[in-house]
Amino acid sequence: MKRIVAIVLAVFLIGGVAAAVVKGREEQGRSTATKTVRGVIGSEKAEFFADPEVVKALAARGYTVKTETSGSWAMEGLDLKGYDFAFPSSQAPAEELAAKYHVRQPLPRPFYSPLVVVAHRSAAEVLARNGLATVGKKGNGTLGMAAYLKAAGDDRTWQQLKGAEAHGELSGTLFISTTDPTSSNSGALYLAAASYVADSGRVADGAAAVTRTAPLMRKLISVQGAQQTSTDAAFRDFVSGVGNPLVLVYESQVAALLAQGQGVDDLTVLYPDTTTNSDHTVVPLTDEGRALGELLGSDKLLRGLAVRHGFRPQGAAVEFTAATDAHTTYLNQKLTGVRQAPVPASKVLHEMARRARGQGDSK
């Protein structure tokens, strides 16, 4: 009888230990469990969300983020049912999506990046010699938008510029390579800044304003031929030494490259004297999407990781300045001499992009 009791007690003891282990594992699993949040993002943020340290930081805060990429303006044509957030590269397409999906304001805007033109030193110096840019001894300078637009309007070629004859790679029509403005944020913002300068500092506010600058905007786009749908591909081409001598990209792409210890031979970063900032704006489609968007802007570690990927956190200029002190050769940290052009309303900017692509006259 004693032996039977001992066996029964042993069975209960083993069962109790096993139950405790299972319970402990379940509790541990719950403590480290993450909410899976799905989003559509601009391609320039793909490396940020794929960064193992970002993945780890988000997991520690309870999130597993799964993303797909799309052109910022192309997001409007997607079916976002089942997604928790969209994350275009500026406020204009974000506001369009917010209206479409009845998203409450305000929309989280965790970080931003100005648009810049990357050039090789030879191209930058030729522009400077012809009054289209100013270039210092370091690797950055300023592009004079009014002078550049006049040259573009006059169909100037590199061969017509003084000093270009010494550089065989500088030939053909002078132009800046951009993304497709009908589907990509950077291309659309380029037109916003260019039209503002071309129309004597007036922001386009309707069909008449679009019509006034339409011929020049059309020329800026048509001279490029086929356009990329994202700045990633154009920037990779530039870094590898192929493509057009002047390419419009986000400053964040340059800053991220430098932060990784990489560089481009004779790189010069030209900040247009009139440009637009790209305010990366989260469109929350669920409560989880909103919480994630707010976390990206408020969490110190995530802000630091965003800076490492070249972005400027909203309201935290010191963080960006401190992180990029080693790269002031190329980066204009305080955006000295750079004026921000207002961005037209989404409907107007859409029409401007459509006309620039030669897709008919305004109705």
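The values are calculated or read from the model by the stated rules, or taken from the named source; none is laboratory data. Small disclaimer: the values here were computed from a predicted structure and weren't measured. No Cβ is skipped: glycine too gets one built from the backbone with ideal geometry, and neighbour counts run over all protein chains shown. To get the accessible areas, we keep the full protein, side chains included, count just its heavy atoms, and leave off ligands, DNA and RNA. Shrake-Rupley method; radii C 1.70, N 1.55, O 1.52, S 1.80 Å.
Could you list, in sequence order, all residues of the stretch 169-179 that are open to solvent by 20 Å² or more (accessible area, probe 1.4 Å) and either in a loop (DSSP other than H, G, I, E, B) or more than 16 Å from Ala356 (Cα to Cα) (or both)?
Glu169, Ser171, Gly172, Thr173, Phe175, listed by residue number.
Look at Arg212 and say whether it is assigned to a helix (DSSP H, G or I), within 28 Å of Glu95 (Cβ to Cβ) and open to solvent by 40 Å² or more (accessible area, probe 1.4 Å). Reasoning before the result, please.
Values: assigned to a helix (DSSP H, G or I): yes; within 28 Å of Glu95 (Cβ to Cβ): yes; open to solvent by 40 Å² or more (accessible area, probe 1.4 Å): yes.
So Arg212 passes the test.
Filter the stretch 108-125 for residues that are over 17 Å from the mean Cα position of the chain (by Cα) and either over 27 Å from Thr178 (Cα atoms) or crowded, with 23+ Cβ neighbours inside 10 Å (or both) and give the result.
Taking the stretch 108-125 as the starting set, the residues that turn out to be over 17 Å from the mean Cα position of the chain (by Cα) are 119-125.
The answer is Ala119, Ala123, Ala124.
Evaluate the following for Thr321: is it part of a loop (DSSP other than H, G, I, E, B) and open to solvent by 10 Å² or more (accessible area, probe 1.4 Å)?
On the way: part of a loop (DSSP other than H, G, I, E, B): no; open to solvent by 10 Å² or more (accessible area, probe 1.4 Å): yes.
In short, no.
Note down all Cβ pairs under 7 Å where the first residue falls in the stretch 95-110 and is closer than 25 Å to Gly310 by Cα, the second is surrounded by fewer than 12 Cβ atoms within 10 Å (Cβ to Cβ) and charged (D, E, K, R), and they're at least six residues apart or on different chains.
If the second residue must be surrounded by fewer than 12 Cβ atoms within 10 Å (Cβ to Cβ) and charged (D, E, K, R), no pairs are left.
Is it fair to say Tyr148 is of a type outside the set (A, V, I, L, M, F, W, C), in contact with a His (Cβ under 9 Å, 6 or more places away or on another chain) and open to solvent by less than 50 Å² (accessible area, probe 1.4 Å)?
Answer is no for this residue.
Can you pull out every residue in the stretch 191-206 that is in contact (Cβ under 8 Å) with a residue 12 or more places away in the chain and surrounded by fewer than 15 Cβ atoms within 10 Å (Cβ to Cβ)? Can you show your working first?
Here is the first cut: in the stretch 191-206, the ones in contact (Cβ under 8 Å) with a residue 12 or more places away in the chain are 191-199, 203-206.
Those that are in contact (Cβ under 8 Å) with a residue 12 or more places away in the chain and surrounded by fewer than 15 Cβ atoms within 10 Å (Cβ to Cβ): Asp205, Gly206.
Within the stretch 228-277, can you find the residues that are assigned to a loop (DSSP other than H, G, I, E, B), under 21 Å from Tyr196 (Cβ atoms) and open to solvent by 10 Å² or more (accessible area, probe 1.4 Å)? Reasoning before the result, please.
As a first pass, look at the stretch 228-277 and keep what is assigned to a loop (DSSP other than H, G, I, E, B): 229-230, 240-245, 260-266, 273, 276.
Going one step further and asking which of them are under 21 Å from Tyr196 (Cβ atoms), we end up with 273, 276.
The answer is Asp273, and nothing else.
Could you pull out the residue among Arg312, Arg308, Arg303, Arg290 that is within 24 Å of Asn140 (Cα to Cα), outside the structural domain of Ala133 (by TED's automatic domain parsing), touching a strand residue (DSSP E or B) at 6+ places or on another chain (Cβ under 8 Å) and charged (D, E, K, R)?
On the way: Arg308 fails: touching a strand residue (DSSP E or B) at 6+ places or on another chain (Cβ under 8 Å); Arg303 fails: within 24 Å of Asn140 (Cα to Cα); Arg290 fails: within 24 Å of Asn140 (Cα to Cα).
Just one listed residue meets the conditions, Arg312.
Go through (1) of a type in the set (A, V, I, L, M); (2) outside any loop (DSSP other than H, G, I, E, B); (3) farther than 17 Å from Leu349 by Cα one by one and return the number of the condition Ala99 breaks.
(3)
Given the residues Asp299, Asp325, which is the only one that is free of Cβ contacts under 8 Å to residues at least 12 places away in the same chain, out of contact with any Ser or Thr (no Cβ under 6 Å at 6 or more places or on another chain) and among the charged types (D, E, K, R)?
Numbers: Asp299 fails: free of Cβ contacts under 8 Å to residues at least 12 places away in the same chain.
Asp325 is the lone residue from the list that is free of Cβ contacts under 8 Å to residues at least 12 places away in the same chain, out of contact with any Ser or Thr (no Cβ under 6 Å at 6 or more places or on another chain) and among the charged types (D, E, K, R).
Test of understanding: among Ala86, Ala119, which residue is part of a strand (DSSP E or B), in contact (Cβ under 8 Å) with a residue 60 or more places away in the chain and closer than 21 Å to Val239 by Cα? Before the answer, list the steps.
Details: Ala86 fails: closer than 21 Å to Val239 by Cα.
Result: Ala119 is the single residue among Ala86, Ala119 that is part of a strand (DSSP E or B), in contact (Cβ under 8 Å) with a residue 60 or more places away in the chain and closer than 21 Å to Val239 by Cα.
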